[in-house]
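K.L.:
My questions all concern the structure below.
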Amino acid sequence: MEMPSVFKLIPYCISASDSSKLQRMAKEITLLLIQVLRRSVEGIGDQSKGCDGCGFSANTNSVLEGFSIGKRFSCTSKHVGDMNLKTFHTLFVNGKFCKDAKLAKADDFYFSGLHIHKNTSNTFGSTVTPVNVAQIPGLHTLGISMVRIDYAPNGGLNPPHTHPRASEVLVVLEGTLHVGFATSNPDNRLISKVLYPGDVFVFPVGLIHFQYNIGNTYAVAFAGLSSENPGVITIANAVFGSNPSTNADILAKAFNLERKMVKNLQSKF
Ligand SMILES: *[C@@H]1O[C@H](CO)[C@@H](O)[C@H](O)[C@H]1NC(C)=O
């Protein structure tokens, strides 16, 4: 089997000037490529996940998290398991494939629509419009992304959540937001502030944070995130809305709640 060079596999995934990252990736890729090839050939890769899963942990610090290989432009969960060695010509990093630089086009680096005011008639009264590697393939491995967030008047809430792979810097364009994050154990200190248009606030990577519209007008904010694939864990959804449900006794004990209250919360998420 002809093994394509690592550098050919990742033409626009990393800039040539970023040599330390390149070297680190090359080393990891070499090690993992062997591991992945072996797994795929043996058919023990995780076939239950699509391109975003690819059978590897999504929460390691490795730049290669979610690393796998598959058919160019057509990775499906099937391909991860059914791959023929001859189809091994695309490298996935952090769950996304790297495109041949020769095939890159302007639209790979483009998104339109962040001027649109989104409908916030939903449970929380807020809508997040993401612009990350899922929307702009050219962001792959660049370590940045952004979102627009619309908030309904009088209580539109972007509920407590965390980004496992990114810090966030948020700027308010319109409205008045009460924002905050809690620090880690043991202090769990709440760092919060009321923001007005032009104000900027930072949410450090991994910490649980929220934004709440305390004004009687719509609010709009934009945020930059330090990952092309920041991930988001909405606390209530992960705890009370897991699929399948987390054992209610566990949650009752963990949150010091009566079991029926847990059941009630679980019915809502
Ligand atoms: C916003 O969404 C709600 C709920 O889906 C819908 O009833 C309403 O018509 C939408 N409003 C606009 C302006 O699209």
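Every number in this text was worked out from the coordinates using simple rules, so none of it is lab data. This structure is a prediction, so every number in the text was calculated from the model and none was measured. Using ideal geometry, Cβ is built from the backbone for each residue, glycine included, and neighbour counts are taken over all protein chains shown.
K.L.:
Could you please report the charge total around PHE210, scoring K, R as +1 and D, E as -1 over all other residues with beta-carbon less than 13 angstrom from its beta-carbon? It would help to have the intermediate numbers written out before the result.
P.N.:
Details: positive: LYS193; negative: GLU168.
Every neighbour counted, the sum reads 0.
K.L.:
List the relative contact order of region 159-269 as a percent without decimals, with contacts defined as Cα pairs under 8 Å and 6+ residues apart. Please list the in-between numbers first.
P.N.:
Values: 215 pairs, mean separation 36.7, N = 111.
It rounds to 33 percent for region 159-269.
K.L.:
Just add up the charged neighbours of HIS115: K/R +1, D/E -1, any other residue whose Cβ is under 15 Å from the Cβ of HIS115.
P.N.:
Numbers: positive: LYS118, ARG148; negative: ASP150, GLU174.
For residues surrounding HIS115, the net value is 0.
K.L.:
Next question. Counting other C-beta atoms within 10 Å, which of HIS209, HIS117, HIS178 has the fewest, and how do the rest follow?
P.N.:
On the way: HIS209 22, HIS117 11, HIS178 15.
In order of increasing Cβ crowding within 10 Å: HIS117, HIS178, HIS209.
K.L.:
Return the whole-Å distance between the Cα centroid of region 240-269 and the Cα centroid of region 144-209.
P.N.:
26
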